[in-house]
1. Against the longest alpha carbon principal axis of the chain, how many degrees, from 0 to 90 and to the nearest 10, is the axis of helix 102-115 turned?
2. For the chain, take the longest principal axis of its alpha carbons; what is the angle in degrees between that and the long axis of helix 350-365, to the nearest 10 within 0 to 90?
3. From the square roots a ≥ b ≥ c of the eigenvalues of the alpha-carbon gyration tensor of the range 203-268, which class results: rounded (a/c under 1.5), prolate (a/b over b/c), or oblate?
4. Explain nothing, just the number: relative contact order of the range 171-292, from Cα pairs under 8 Å at least 6 residues apart, as a whole percent.
5. Which shape class applies to the range 257-347: rounded if a/c is under 1.5, otherwise prolate when a/b exceeds b/c and oblate if not, where a ≥ b ≥ c are the square roots of the Cα gyration tensor eigenvalues?
6. Let me have the relative contact order for the chain, percent, based on Cα pairs under 8 Å that are six or more residues apart.
7. Using 0.36 nm per residue of separation minus the Cα-Cα distance, give me the extension gain between residue 230 and residue 314 in nm, one decimal.
8. How big is the chain by Rg and Dmax over its Cα atoms, in Å?
Ligand SMILES: Cc1cc2nc3c(=O)[nH]c(=O)nc-3n(C[C@H](O)[C@H](O)[C@H](O)COP(=O)(O)OP(=O)(O)OC[C@H]3O[C@@H](n4cnc5c(N)ncnc54)[C@H](O)[C@@H]3O)c2cc1C
């Protein structure tokens, strides 16, 4: 088999790249380890920056997003039993965020590709890639490509196929994780609430007018069996209680524990292989940046590939890694900053609490600090 661009992974990065290339008349083959059902059911991100929603609309996959996405113009930070609203749009030049689940983004992209009569090779795990020669190896075959897009997530094979010593890794593991639930109950909040509490962080979020998505800080190795639904609701009530606020319980449809990590692989290009999304970098979810960064990477890659196929020039492909890494590191810093401001470390004492309260008070009372949070949260236009 031969193609122009071999795409490994049908997550948000791989599927968006495939769509952008299709619109530009560039051929691609998408290879995905899992089934379509599995990819469409994987519950993860839900906060889309305006740059992400603009791109999905321009790519002709924004119809349902337009109808069902919920636009938010602010978030709240809660500490010391009080909520403080950060008016994102007022502080960030009118930009906003949209709540629309990653599952829905993936469904829309899969549907659009199949509707164009283009295949996605599900249940076809790639075993290795040869970055120098542009070869993708999977069980029973090989795909020869001008360019390989490594969109196979943090545990994929593309980065793992690179020779040791050919890239540099930057990594930080956090001593806590998130216990996330999806509940079949109307959200008790109009906008996201990031709650700092001495028992640990909590996040009140949503997926739709009838589905709530809530998170609790926990140990990264926490056993789900330790968290029956009653205990989850009790803890959510304690950590997010405010005067006049109510939190409605409901059936828990899904729950899981996610560890937290910051990770960057430099460079993001190796010969014919271009890493994109979680395959190249990971952020803790507190800043809601992972999916948005993945989309930014593939937009940059698609523009570079259009230049290559239209004019033969490779200046944008050559600049790909440096260009993406500038935004990656901005988001790494923002995600680390939000995470360490809001989560009490294990063994954290009154000194840590006082520092965090002071920082939260500063962010919610200083226009400059609040603006910095807002423009990073909605996504910086230029980095
Ligand atoms: C609990 C949680 C909450 C999050 N919340 C947010 C949020 O609010 N906002 C935000 O922006 N981000 C958030 N994220 C991060 C976001 O989900 C990821 O950054 C995003 O999924 C990255 O997309 P991707 O396409 O790069 O990788 P993935 O979504 O991981 O996709 C990679 C694909 O490659 C496939 N694959 C792997 N190995 C192979 C192989 N060998 N061969 C073929 N295919 C392979 C996988 O099956 C998968 O389909 C969250 C993440 C988690 C875990």
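1. Helix 102-115 sits at roughly 30 degrees to that axis.
2. For helix 350-365, the angle is close to 80 degrees.
3. Values: a/c = 2.04, a/b = 1.66, b/c = 1.23.
Prolate is the answer for the range 203-268, as a/c is 1.5 or above and a/b outweighs b/c.
4. Details: 211 pairs, mean separation 38.4, N = 122.
Relative contact order for the range 171-292 comes out at 31 percent.
5. Values: a/c = 3.10, a/b = 2.86, b/c = 1.08.
Prolate.
6. Values: 773 pairs, mean separation 81.2, N = 383.
Result for the chain is 21 percent.
7. Details: separation 84, 0.36 × 84 = 30.24 nm, distance 5.73 nm.
Gain on extension, residue 230 to residue 314, equals 24.5 nm.
8. When restricted to the Cα atoms of the chain, Rg and Dmax are 21.0, 64 Å.
Read-outs: derived from the displayed coordinates by stated rules, not from any lab. Treat the numbers as computed from the prediction; the structure is a model and nothing was measured. Ideal geometry is used to build each Cβ from the backbone, glycine not excepted, and the neighbour counts take in all protein chains shown.
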